Amino acid sequence: MKKYIAECIGTMTLVLIGCGTAMLVGCDAANGCGYLLTALAFGLTIVGMAYCVGNISGCHINPAVSLGVLISGGMKAGDFAGYVIAQCIGALVGSGLLAAIWGAGGVTDQTGGFGSNGLAGVNGSAFAGLLVEVLLTFIFVLTILGVTSKKAGHGSFGGVVIGFTLVLVHILGIGLTGTSVNPARSFGPAVMAAISGNAAPLACLWVFIVGPFIGAALAAVVYRYLEK
């Protein structure tokens, strides 16, 4: 149970800090500073959580990462289900906290949807959005599997490498899909946006669930082949 609680807390923190930063500074292509701040917020949160709950749950805080670990033989199906449920609950809690902060403080949400993902950057193309998410998640999860491999020997620097890889994929992906690579991170804000009257993020949510899962599965299969 402790590892599920750790995953819930970690995912809540990721949504709170990452999506909260996007809501505050915006992610308009004309404002590169907003891009970088949001990318750093997501990546640095992963770094912090890796050293906070990594020794308890492995700090997946992402159903796609958990799927990659499952396919790689690093966890059992029962734990995978528990992790995904905990991660989605954490994302909902994080989004709820953002709603409470923005509602009470009267702050303008610069994203219009609690930092939820969308397809505006790819002109509404579900195929292009799906492709972006598959590719970015593939890179992210492949890096995680490599860094956490017993053969890697990266020691205590693994969390830093993983966090800055998330920054890297965000720098490209923010302008295209908002960068998900994490179904739970997309789920929480989309649900909260729908509750607040904006159903658009919920309509394309499937892209940000299917894409990351496909990318993670591909990464796991490729890494298993490469590591043999």
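The values are calculated or read from the model by the stated rules, or taken from the named source; none is laboratory data. Bear in mind the structure is a predicted one, so any value in this text is a computation, not a measurement. Neighbour counts run over all protein chains shown; Cβ positions are idealised from the backbone, glycine included.
I need the full set of residues from segment 63-78 which are within 20 Å of F208 (Cβ to Cβ) and of a type outside the set (S, T, N, Q), in order please. Before the answer, list the steps.
Here is the first cut: in segment 63-78, the residues within 20 Å of F208 (Cβ to Cβ) are 63-71.
Within segment 63-78, P63, A64, V65, L67, G68, V69, L70, I71 meet the criteria.
Scan the helices (runs of 4 or more DSSP H) fully inside segment 158-228 and keep the ones with 3 or more residues being crowded, with 20+ Cβ neighbours inside 10 Å. Walk me through it before giving the result.
On the way: elements: 158-173, 183-195, 200-203, 207-227.
So the answer is 158-173, 183-195, 207-227.
In segment 134-157, what residues are hydroxyl-bearing (S, T, Y) and either over 20 Å from Y225 (Cβ atoms) or part of a loop (DSSP other than H, G, I, E, B) (or both)? Break it down into steps so the answer makes sense when it comes.
So in segment 134-157, the residues hydroxyl-bearing (S, T, Y) come out as 137, 143, 148-149, 156.
Those that are hydroxyl-bearing (S, T, Y) and either over 20 Å from Y225 (Cβ atoms) or part of a loop (DSSP other than H, G, I, E, B) (or both): S149, S156.
Determine the pairs where a residue that is more than 14 Å from G115 (Cα to Cα), located within segment 190-215, has a partner that is among the hydrophobic types (A, V, I, L, M, F, W, C) and surrounded by fewer than 20 Cβ atoms within 10 Å (Cβ to Cβ) with Cβ atoms under 6 Å apart, the partner being 6 or more residues away or on another chain.
Close Cβ pairs satisfying both conditions: V207/A126.
Return yes when G58 is closer than 20 Å to T165 by Cα, of a type outside the set (S, T, Y) and either touching a residue at least 12 places away in the same chain (Cβ under 8 Å) or in contact with a helix residue (DSSP H, G or I) (Cβ under 9 Å, 6 or more places away or on another chain) (or both) and no when it is not. Working first, answer last.
Working: closer than 20 Å to T165 by Cα: yes; of a type outside the set (S, T, Y): yes; either touching a residue at least 12 places away in the same chain (Cβ under 8 Å) or in contact with a helix residue (DSSP H, G or I) (Cβ under 9 Å, 6 or more places away or on another chain) (or both): yes.
Judged against the criteria, G58 is a match.
Can you name every residue in segment 58-76 that is crowded, with 24+ Cβ neighbours inside 10 Å and in a helix (DSSP H, G or I)? Lay out the reasoning, then the answer.
At the first step, the residues of segment 58-76 found to be crowded, with 24+ Cβ neighbours inside 10 Å are 59-68.
Result: P63, A64, V65, S66, L67, G68.
Do we have L16 as buried (at least 20 other Cβ atoms within 10 Å of the Cβ) and not acidic (D, E) here? Lay out the reasoning, then the answer.
Working: buried (at least 20 other Cβ atoms within 10 Å of the Cβ): yes; not acidic (D, E): yes.
Yes, satisfied.
Identify, from the list A104, A6, A100, the residue that is more than 30 Å from V221 (Cα to Cα), modelled with pLDDT of 95 or more and either in a helix (DSSP H, G or I) or among the charged types (D, E, K, R) (or both).
On the way: A104 fails: modelled with pLDDT of 95 or more; A6 fails: more than 30 Å from V221 (Cα to Cα).
Only one candidate qualifies: A100.
Looking at segment 22-34, which of its residues are surrounded by fewer than 21 Cβ atoms within 10 Å (Cβ to Cβ) and either assigned to a helix (DSSP H, G or I) or touching a Ser or Thr at 6+ places or on another chain (Cβ under 9 Å) (or both)? Steps first, please.
Step one: filter segment 22-34 for residues surrounded by fewer than 21 Cβ atoms within 10 Å (Cβ to Cβ), giving 24-26, 28-34.
Result: L24, V25, G26, G32, C33, G34.
Inspect all residues belonging to segment 125-143 and state whether any of them is surrounded by fewer than 24 Cβ atoms within 10 Å (Cβ to Cβ), in contact with a Cys (Cβ under 9 Å, 6 or more places away or on another chain) and within 21 Å of V15 (Cα to Cα).
Step one: list which residues in segment 125-143 are surrounded by fewer than 24 Cβ atoms within 10 Å (Cβ to Cβ), which gives 125-128, 130-131, 134-135, 139, 142-143.
Next, from what is left, pick out any that are in contact with a Cys (Cβ under 9 Å, 6 or more places away or on another chain): 126.
After this cut, where a residue has to be within 21 Å of V15 (Cα to Cα) as well, the list is none.
No, that holds for no residue.
Consider only pairs whose beta carbons are under 8 Å apart and that are at least six residues apart or on different chains; among these, list those whose first residue lies in segment 153-165 and is modelled with pLDDT of 75 or more and whose second residue is of a type in the set (G, A, S) and outside any helix (DSSP H, G or I).
From residues that are modelled with pLDDT of 75 or more, the pairs are G158/A152.
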